[in-house]
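Working notes, structure below.
The values are calculated or read from the model by the stated rules, or taken from the named source; none is laboratory data. Remember, it's a predicted structure, so these values are computed and weren't measured experimentally. A quick note on method: Cβ atoms are made from the backbone with ideal geometry, for glycine too, and the neighbour counts reach across all protein chains shown.
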Amino acid sequence: MLSRLINGTKFAAIMVLAASGHFNSSTVQSSNQADDVKDIIHKTDSILISQNKPLVKDEKEKIVKEIYSDVLTDIEHQIQKYRNQSRFNGSVAIARDGNVLFNKQYGYADMEKGIPVNDTSQFQLASVSKQFTAAAILKLYQEGRINLDSSLTTYLPELPYSDVTIRHLLTHKAGFPNYMWIIGRHWDENHTPTNEDVLEIMSENPVNLRFEPGQKFNYSNTGYCLLACVIERVSGVEYDEFLRSRFFEPLKMTNTFAFSMTDNSFTPGMVKGYRYNGNAYNSVDYNLMDGTYGDKGIYSTATDMLKWTHALKTGKIMDKALVKRAFSPSRLNNGKKLDYGYGFRIKHFNDRKMVFHNGSWSGFRSTVRTFPESGLTLVILTNNSFNETGDMARNLTRTLLNDYQSDEVYKIVKKLVFDQEQIRDEEKKKQFVDSWEYHGLNQVRQIMNRLDKDWLAHRIESFTDDKPVGEEEFYALNEE
């Protein structure tokens, strides 16, 4: 077992050195001196194991991209197919456990001016925005400032809906008609209405609920518009300021913000939305409904959305227990389970739990899909009324999930390289040993061969050297 532990750690060291560029495949393959090769490997062990120096993000991403290099080539080919056949225009990003595998942009942010999409181009997320509203409510709940089962009138007393709770709004079970219909009937001003205007209209012109709260699921933009009002009333700050101070700034989401026509929050990086009329693209103007937020209105980049999903998974912005509840199905009054949590849809895809949301507004189509167990996330943002966003997301996701070989290699590398601290703790060390026994060094070598990564397989073959274990290695491996 000791030999397997040392071998595994040397595999990790080689992976680090390969990612760091300290030597390349030709160094090993061109050498005819086995002792020299073993000496190189032994020295890299000392650098990594004895110092136990954590890898920086760039180093981790180099390793992960190498593991997934073949499937990422396939992903690029698929995207180009959508480009050629369906005029895909936008941004695609993929990450695993926060390590970016793929992040590319295609087409134009401004077609009239010929300005290309780049990694700072800000897309309207449309209904993907709802997860930020839900997270803000949960943040206030965590702080003891909101009770999810309290009546909506506790926080917005001017409304006559005492049977509606905050939880009903989060899970689309309140029964409200669409506020856009309400504005269409009752708004006669010459400026864009705000959330407060919607609130005033609904208090002065009460509408009948479509059903008893909790009895049915009815997707509702109205509920999330009202939740934004609740956030402002309870926190004492405007919606965009709350999101900025609690989420965007701490996570360095520098290209994400809440947009409203009424506060003139335009930025140079905002992408324009387009519709195709059969011959050419026409830009979509802002409309009467672009003054409200909570249900939509967040502008962001694929890069920032990867930061966001990883922060949720790792508990950086709220308790993991709350995130787990947000990612879990809600229930109707009769106990029937719904495929919607708090701002997230939930389903199983390829026998894996997927948490996601789609968005569509004024030429923008978006989807953010994450698999909590594996830490895999896909983000697609488009601005040209691309109707195949869902199909594209399914195909790209299926390609990633079906790459079992890369997944196995990733799991081993994550344990041996990214989670090095496991080796020092006795209880965790046992888990490490058991896992390594299960996978086996030979399996890793075979995977490398199947992936045509012969140079890595060659290095693994060299791991069974007979050099004595150094004191630093002995200590780091914590052998008795």
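The table below lists the values:
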{"read-out": "Enumeration of residues in the stretch 55-100 that are surrounded by fewer than 13 Cβ atoms within 10 Å (Cβ to Cβ), over 29 Å from ASN279 (Cα atoms) and at pLDDT below 95", "value": "VAL56, LYS57, ASP58"}
{"read-out": "Hey, LEU400 closer than 13 Å to ILE75 by Cβ and either in a strand (DSSP E or B) or touching a helix residue (DSSP H, G or I) at 6+ places or on another chain (Cβ under 6 Å) (or both) or not", "value": "no"}
{"read-out": "Residues of the stretch 299-350 satisfying the condition of being modelled with pLDDT under 95 and farther than 20 Å from ARG244 by Cα", "value": "ASN350"}
{"read-out": "Hey, ILE346 in contact with an Asp or Glu (Cβ under 8 Å, 6 or more places away or on another chain) and either touching a residue at least 12 places away in the same chain (Cβ under 8 Å) or part of a helix (DSSP H, G or I) (or both) or not", "value": "yes"}
{"read-out": "Residue count, the stretch 333-343 (criterion: more than 15 Å from LEU148 (Cβ to Cβ) and either outside any strand (DSSP E or B) or outside the structural domain of LYS173 (by TED's automatic domain parsing) (or both))", "value": "6"}
{"read-out": "Residue match in the stretch 108-121 (condition: of a type in the set (S, T, N, Q), under 30 Å from ASP407 (Cβ atoms) and surrounded by 18 or more Cβ atoms within 10 Å (Cβ to Cβ))", "value": "no"}
{"read-out": "Residue in the stretch 193-206 that is closer than 30 Å to LEU306 by Cβ, assigned by TED's automatic domain parsing to the domain that holds SER127 and buried (at least 17 other Cβ atoms within 10 Å of the Cβ) present", "value": "yes"}
{"read-out": "Among the residues listed as GLN124, GLN142, GLN80, the single one being free of Cβ contacts under 8 Å to residues at least 12 places away in the same chain and among the polar types (S, T, N, Q)", "value": "GLN80"}
{"read-out": "Residue check, THR120 of a type in the set (S, T, N, Q), under 19 Å from the mean Cα position of the chain (by Cα) and more than 28 Å from GLU373 (Cβ to Cβ)", "value": "yes"}
{"read-out": "The listed residue being surrounded by 16 or more Cβ atoms within 10 Å (Cβ to Cβ), of a type outside the set (Phe, Trp, Tyr), out of contact with any strand residue (DSSP E or B) (no Cβ under 6 Å at 6 or more places or on another chain) and over 22 Å from LYS272 (Cα atoms), out of LEU401, LEU332, LEU376", "value": "LEU401"}
{"read-out": "Members of the stretch 335-350 that are more than 26 Å from GLY297 (Cβ to Cβ) and either touching a helix residue (DSSP H, G or I) at 6+ places or on another chain (Cβ under 9 Å) or buried (at least 18 other Cβ atoms within 10 Å of the Cβ) (or both)", "value": "PHE349, ASN350"}
{"read-out": "Residues (surrounded by fewer than 21 Cβ atoms within 10 Å (Cβ to Cβ) and either polar (S, T, N, Q) or farther than 30 Å from MET305 by Cβ (or both)) located in the stretch 222-247", "value": "SER235, SER245"}
{"read-out": "Filter result (on the phi > 0 side of the Ramachandran plot and either surrounded by fewer than 17 Cβ atoms within 10 Å (Cβ to Cβ) or at pLDDT below 95 (or both)) within the stretch 122-162", "value": "GLY144"}
{"read-out": "Among residues of the stretch 261-295, those that are surrounded by 20 or more Cβ atoms within 10 Å (Cβ to Cβ) and in a loop (DSSP other than H, G, I, E, B), counted", "value": "7"}
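Conditions tested, residue by residue: (1) at pLDDT 95 or above; (2) β-branched (Val, Ile, Thr); (3) more than 19 Å from LEU138 (Cβ to Cβ).
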{"residue": "GLY184", "(1), (2), (3)": "no, no, yes"}
{"residue": "GLU189", "(1), (2), (3)": "no, no, yes"}
{"residue": "MET202", "(1), (2), (3)": "yes, no, yes"}
{"residue": "PHE211", "(1), (2), (3)": "yes, no, yes"}
{"residue": "CYS229", "(1), (2), (3)": "yes, no, no"}
{"residue": "SER235", "(1), (2), (3)": "yes, no, no"}
